[in-house]
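The structure appears below as structure tokens.
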Amino acid sequence: MKLQECYGLWMSGQWHKAGKYKDLYNPYSGEVLARIAQADASEGVRAIEAAHEAFAVFGRMSAYQRSEILYRVAGLIDERREELARVTAMEAAKPLKAARGEIARTVETYRFAAEAAKQVTGEQVAMDAAEGGHQHFGFTIRVPIGVVTAITPFNFPFNLVAHKVGPALAAGNTIVLKPAEQTPLSGLLLAGLFQEAGLPAGVLNIVTGEGAELGEVLTTHPLVRKISFTGSYAVGQLIQRQAGLRRTTLELGSNAALIIDENTDIAAVAARCVSGAFAYNGQVCISLQRILVHQSLYEEFKQHFVTAAAKLITGSPLEEATDVTSLISEKAADRIMNWIGEAVAGGAVIETGGLRSARNIIAPTLLTQVPRSAKVWTEEIFGPVAVLLPFDHWEEAIREVNSSRYGLMAGVYTSDIKRAFEAARELEAGGVVVNDIPTFRVDHMPYGGVKDSGKGTEGVAYAVQEMTQLKLISFNV
């Protein structure tokens, strides 16, 4: 799939010129990949109006037809997975082997959406269970809600888009997509793929540009019925205020923690933790950041973790062997190094990493003796940094995990079934993974956080529920 030199805005099934364009750079090499349209608020309105017009037809399309379109687009992505993986590696600086994994998941996500399109159902309601319900027959149906706007992040530019576009189309809605400023190509390439798959014009509209310019119109326009956003807590808070009574799904970040109980096989677990902490440079919403290890295993775990981290290969995202490469931007690298510096100034020890090299690459870093006030402990670092803490008592570890204002995913390793169920019950998170890292995710499972990690649930079938309206039908018979 050859990239164009210039990309406009995709509305009503056609490319449209924008008033402004901006160069898109490869974060690793610095080369210009393409010129990307920068939509203004008026162009955002045009995209919403196009989606609203298309909804009049698409909202009545059969579940079978919607499912077939989604199956076809999954097949087209599958056929071109190597090309699309290279696009991801270039625009997101995602190591090629991780990019291939993302494209494979994207195919699966759209297939899950195709299956979900055929399962949008209601249920019978026992109207006569009430005294006044005699001779009434009731049931519910789920109907599409209309125009959905989706604002997506840079870190999974194909698959996190699929988690919004797939369920929206499965439910019978139309959508306006604003991909991340850093990774617009992945979203823009969907235009041709969905057109080839037979999606009617106007059902999917793609506007690229700055959130500051487009955000308000995508969240406040009267034709918008639902906003789905993945990004920072600060922006999510603003979107919620602007959205008013509109439905919102907000996935706002994490500070994922793992508790490792005594009697755990540390060698195997440490290698798994290195993967969870440093995959895609730690730029993953549920990247493993806080690791709490029982005091009896602490030194052994630290040694295994440092050894495994040292084996990771740094280099170009297009090299087959690369594990760690450039951060998404110089600004991100500056912030991460500042947070490491703050922790060290407060008494933290760098066990490995802590160094920044050319091209905004930060070596995989493990910190110990971190003060609880340090940002690397309290906030989402979104970079290749993990923090290690020993504990003596299981209850103490659970309290430490729950001390965070975030609660997206948490994990525990334990052979004690009582402690496993206690963690499942007591950990304040949208999901608890037993005997694996909190970075674990498959694309059909429910996925959403508590506290400042957001609201609403993704995972394809669950997102479909949130993108439909339950309607009661009652007959007096």
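The values are calculated or read from the model by the stated rules, or taken from the named source; none is laboratory data. Every value quoted in this text rests on a predicted model; they were computed, and no experiment measured them. Backbone-built Cβ (ideal geometry, glycine too); neighbour counts: all protein chains shown.
Yes/no per residue for (1) touching a residue at least 24 places away in the same chain (Cβ under 8 Å); (2) assigned to a strand (DSSP E or B); (3) of a type in the set (K, R):
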residue	(1), (2), (3)
K418	no, no, yes
F421	no, no, no
E428	yes, no, no
V433	yes, yes, no
A463	yes, no, no
I473	yes, yes, no
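Evaluate the following for A279: is it in contact with an Asp or Glu (Cβ under 9 Å, 6 or more places away or on another chain) and without any contact (Cβ under 8 Å) to a residue 60 or more places away in the chain?
no
Kindly indicate the residue of segment 89-141 that is of a type in the set (G, A, S), part of a loop (DSSP other than H, G, I, E, B) and without any contact (Cβ under 8 Å) to a residue 40 or more places away in the chain and also nearest to P27 (Cα to Cα) among those meeting that condition.
A126
For segment 47-88, what are the residues that are of a type outside the set (S, T, Y) and not in a helix (DSSP H, G or I)?
The answer is G59, R60, M61, R80.
Answer yes or no: is there a residue in segment 12-22 that is of a type outside the set (A, V, I, L, M, F, W, C), buried (at least 17 other Cβ atoms within 10 Å of the Cβ) and within 25 Å of the chain's Cα centre (by Cα).
Checking segment 12-22: not a single residue is of a type outside the set (A, V, I, L, M, F, W, C), buried (at least 17 other Cβ atoms within 10 Å of the Cβ) and within 25 Å of the chain's Cα centre (by Cα).
Taking only segment 347-367 into account, find how many residues are surrounded by fewer than 22 Cβ atoms within 10 Å (Cβ to Cβ) and either touching a helix residue (DSSP H, G or I) at 6+ places or on another chain (Cβ under 7 Å) or outside the structural domain of L327 (by TED's automatic domain parsing) (or both).
Number of matching residues: 5.
Can you find a residue that is surrounded by fewer than 21 Cβ atoms within 10 Å (Cβ to Cβ), under 26 Å from T183 (Cβ atoms) and β-branched (V, I, T) anywhere in segment 334-346?
Within segment 334-346 (the criterion being surrounded by fewer than 21 Cβ atoms within 10 Å (Cβ to Cβ), under 26 Å from T183 (Cβ atoms) and β-branched (V, I, T)), the answer is no, since none of the residues qualifies.
Among the residues of segment 86-96, is there at least one that is out of contact with any helix residue (DSSP H, G or I) (no Cβ under 8 Å at 6 or more places or on another chain) and farther than 30 Å from L218 by Cβ?
No, segment 86-96 contains no residue that is out of contact with any helix residue (DSSP H, G or I) (no Cβ under 8 Å at 6 or more places or on another chain) and farther than 30 Å from L218 by Cβ.
Q237: assigned to a helix (DSSP H, G or I), over 23 Å from P371 (Cβ atoms), within 21 Å of the chain's Cα centre (by Cα) and modelled with pLDDT of 95 or more, yes or no?
yes
Mind listing whichever residues of segment 352-376 are in contact (Cβ under 8 Å) with a residue 12 or more places away in the chain and assigned to a helix (DSSP H, G or I)?
Across segment 352-376, the qualifying residues are R359, N360, K375, V376.
Go through (1) in a helix (DSSP H, G or I); (2) free of Cβ contacts under 8 Å to residues at least 40 places away in the same chain and name the single condition G215 misses.
Exception for G215: condition (2).
Checking the conditions here, which among L408, L470 is surrounded by 23 or more Cβ atoms within 10 Å (Cβ to Cβ), at pLDDT 95 or above, among the hydrophobic types (A, V, I, L, M, F, W, C) and closer than 27 Å to T109 by Cα?
Matching residue, one of L408, L470: L408.
With respect to the numbered conditions (1) surrounded by fewer than 22 Cβ atoms within 10 Å (Cβ to Cβ); (2) in a loop (DSSP other than H, G, I, E, B), which one is the sole condition not fulfilled by A39?
Status for A39: all satisfied but (1).
Quick one: I437 ticks every box in (1) touching a helix residue (DSSP H, G or I) at 6+ places or on another chain (Cβ under 9 Å); (2) aliphatic (A, V, I, L, M); (3) free of Cβ contacts under 8 Å to residues at least 12 places away in the same chain bar one, so which box is it?
Result: I437 passes all but (3).
Can you confirm whether Y28 is in a loop (DSSP other than H, G, I, E, B) and either within 28 Å of S329 (Cα to Cα) or in the same structural domain as G166 (by TED's automatic domain parsing) (or both)?
Yes, satisfied.
Answer yes or no as to whether G315 is closer than 17 Å to V387 by Cβ and surrounded by fewer than 18 Cβ atoms within 10 Å (Cβ to Cβ).
no
When you look at Q65, is it modelled with pLDDT of 95 or more, over 21 Å from A92 (Cβ atoms) and either surrounded by fewer than 17 Cβ atoms within 10 Å (Cβ to Cβ) or assigned by TED's automatic domain parsing to the domain that holds A201 (or both), yes or no?
yes
Say we look at segment 224-234 and pick out the residues that are crowded, with 16+ Cβ neighbours inside 10 Å and either of a type in the set (A, V, I, L, M) or farther than 20 Å from A51 by Cα (or both); which of these is nearest to the chain's Cα centre (by Cα)?
Top of the filtered list is T230.
Tell me whether segment 162-178 contains one or more residues that are among the charged types (D, E, K, R), in the same structural domain as H52 (by TED's automatic domain parsing) and in a loop (DSSP other than H, G, I, E, B).
no
Only helices (runs of 4 or more DSSP H) wholly contained in segment 245-351 count here; list those with 1 or more residues that are under 22 Å from F156 (Cβ atoms).
Ranges flagged: 266-278, 330-345.
Tell me which of these A234 doesn't satisfy, since it passes every other one: (1) free of Cβ contacts under 8 Å to residues at least 24 places away in the same chain; (2) within 30 Å of E351 (Cα to Cα).
Going through (1) free of Cβ contacts under 8 Å to residues at least 24 places away in the same chain; (2) within 30 Å of E351 (Cα to Cα) one by one, A234 breaks only (2).
In segment 250-274, how many residues are modelled with pLDDT of 95 or more, within 25 Å of Q465 (Cβ to Cβ) and in contact with a helix residue (DSSP H, G or I) (Cβ under 6 Å, 6 or more places away or on another chain)?
Here the count works out to 2.
Report yes if R81 is farther than 19 Å from F112 by Cβ and either crowded, with 20+ Cβ neighbours inside 10 Å or free of Cβ contacts under 8 Å to residues at least 60 places away in the same chain (or both), otherwise no.
no
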